[in-house]
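Everything on this sheet refers to the single structure shown next.
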Amino acid sequence: MTIEEAATLLSDAPNLTHRAMFGGYGIYTNGRMFAILDDGVPYLKGDAISAAVYEGDGGEQFSYMSKDGPMQMKYWRFRDDETLLSHLQDALDTAARAPAPKPKKPKAKK
């Protein structure tokens, strides 16, 4: 899936934006990240509240190999687009519960 296809799939999210990061994409609603796209696979953001719901519906947590071994992130993939979309509001709610992003520091003048 391309970022354009993911944006179309997730277009019910208000004020949808995305930006490239770490070889994939962060997908945002109202400036808060609620999904990622990695290797063409969309993942929805989870937290302590939504993780149990995601697991119960067959969600698989995003993981990657670090120098210290496997690491898991709070993002979840689903078996099909229909299941993913059934959890879109859960991901939007999760993003709304997360702390606001820290403001960027101004660049130092040289």
For the stretch 76-91, pairs from a residue that is under 14 Å from GLU55 (Cα atoms) to a residue that is of a type in the set (Ser, Thr, Tyr), with Cβ under 6 Å and 6 or more apart or across chains, are TRP76/TYR43; TRP76/TYR54; ARG77/TYR43; ASP90/SER50
Test for ALA13: is it hydrophobic (A, V, I, L, M, F, W, C), out of contact with any Phe, Trp or Tyr (no Cβ under 6 Å at 6 or more places or on another chain) and in a strand (DSSP E or B): no
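Restricting attention to helices (runs of 4 or more DSSP H) lying wholly within the stretch 28-110, give those where 2 or more residues are over 24 Å from MET1 (Cβ atoms). Lay out the reasoning, then the answer.
Working: elements: 48-56, 81-86, 88-97.
So the answer is 48-56, 88-97.
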Matching residues in the stretch 31-42 - criterion: being touching a residue at least 60 places away in the same chain (Cβ under 8 Å) and surrounded by 11 or more Cβ atoms within 10 Å (Cβ to Cβ): ARG32, MET33, PHE34
Here are some conditions: (1) of a type in the set (Val, Ile, Thr); (2) surrounded by fewer than 18 Cβ atoms within 10 Å (Cβ to Cβ); (3) in contact with a Leu (Cβ under 7 Å, 6 or more places away or on another chain). ILE27 meets all but one. Which one does it not meet? (2)
Here are the criteria: (1) assigned to a helix (DSSP H, G or I); (2) hydroxyl-bearing (Ser, Thr, Tyr); (3) in contact (Cβ under 8 Å) with a residue 40 or more places away in the chain. Tell me which single one THR8 does not satisfy. (3)
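Residue-wise test of (1) within 28 Å of LYS102 (Cβ to Cβ); (2) aromatic (Phe, Trp, Tyr); (3) crowded, with 17+ Cβ neighbours inside 10 Å; (4) in contact with a His (Cβ under 7 Å, 6 or more places away or on another chain).
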position: ALA13; (1), (2), (3), (4): yes, no, yes, no
position: ARG19; (1), (2), (3), (4): yes, no, no, no
position: LEU44; (1), (2), (3), (4): yes, no, yes, yes
position: SER50; (1), (2), (3), (4): yes, no, yes, no
position: GLY56; (1), (2), (3), (4): no, no, no, no
position: TYR64; (1), (2), (3), (4): yes, yes, no, no
position: GLU82; (1), (2), (3), (4): no, no, no, no
Near pairs, Cβ below 6 angstrom, 6+ apart or cross-chain, from the stretch 57-75 (touching a residue at least 12 places away in the same chain (Cβ under 8 Å) and acidic (Asp, Glu)) to any residue that is surrounded by 11 or more Cβ atoms within 10 Å (Cβ to Cβ) and assigned to a strand (DSSP E or B): GLU60/ARG77
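Only the coordinates and a few stated rules stand behind these numbers; no lab work does. On a predicted model such as this, the values are computed, not experimentally measured, just so you know. FYI the Cβ positions are ideal-geometry reconstructions off the backbone, even for glycines, and counts take in every protein chain you see.
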